[in-house]
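Undergrad: Below: one structure in structure tokens.
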Amino acid sequence: MLNKKIVIGVIAAVVVLVCALAIFLSPSAGVEDYSEVLTKYFTAYYVKASVPDIQECMPNELREEADLAFTLGGTVNILSGYKLDTLDQVGEDAVVTVEITNKPEPKATLRNQYKMEFANVGMAVNTEFDVNIKGSAGELNFNGYADLVQIEGQWYLTNYSIPLYSQE
């Protein structure tokens, strides 16, 4: 009888350990992941004027559309104007930081919506954020919200909204 209790106890301990490891090692999302993709996107948009960097922040299905939108069909990089405007306002050596202002939780309904648009969506979140662009002569601040999807372990921006003016 004692041996049977020991075996059951060992099995229970192993099950608990396996569950804990599964939770610990499972792909998880954190505020840093969301902030990283948004920082890269807004740096490409306002500081570098880099369409390829913007495309890296988007699911494959949106990359050609982004190229056409940001280059007016491949003729002109319209981001150059945003970059010049930003540098006029903040000065040289501009650095973008993004702070997530809510605690986004993955949402099944949002994931299901994006699964119809993009291949291999694992998770989707809606997040709110503040953007700060600081340079040698000043800074700009914006706030907004965005939908992000995780595809094969990588987070991508699907859409966002920010005001067209800086926050005072």
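The values are calculated or read from the model by the stated rules, or taken from the named source; none is laboratory data. All figures in this text were calculated on a predicted structure; none of them were measured in a lab. Backbone-built Cβ (ideal geometry, glycine too); neighbour counts: all protein chains shown. Calculation scope for accessible area: heavy atoms of the full protein, side chains included, ligands and nucleic acids excluded. Shrake-Rupley method; radii C 1.70, N 1.55, O 1.52, S 1.80 Å.
Undergrad: Cross-link candidates for LYS115: which aspartates and glutamates have Cα within less than 16 Å, leaving aside residues fewer than 8 places away along the same chain?
TA: Qualifying aspartates and glutamates at Cα under 16 Å: GLU61, ASP147, GLU152.
Undergrad: Per residue, how much accessible area does segment 39-138 show when a 1.4 Å probe rolls over the protein heavy atoms, in square angstrom?
TA: Details: 5420 Å² over 100 residues.
Result: 54 Å² per residue.
Undergrad: In nm, give the distance between the simple-model label positions of THR71 and VAL31, each being 7 Å from the Cα along the Cα-to-Cβ direction.
TA: Taking the two extended label points, one gets 3.7 nm.
Undergrad: Of all accessible surface on segment 108-168 at a 1.4 Å probe, what whole percent is carbon and sulfur?
TA: Working: 1490 of 3280 Å².
Exposed carbon and sulfur together represent 46 percent of the surface.
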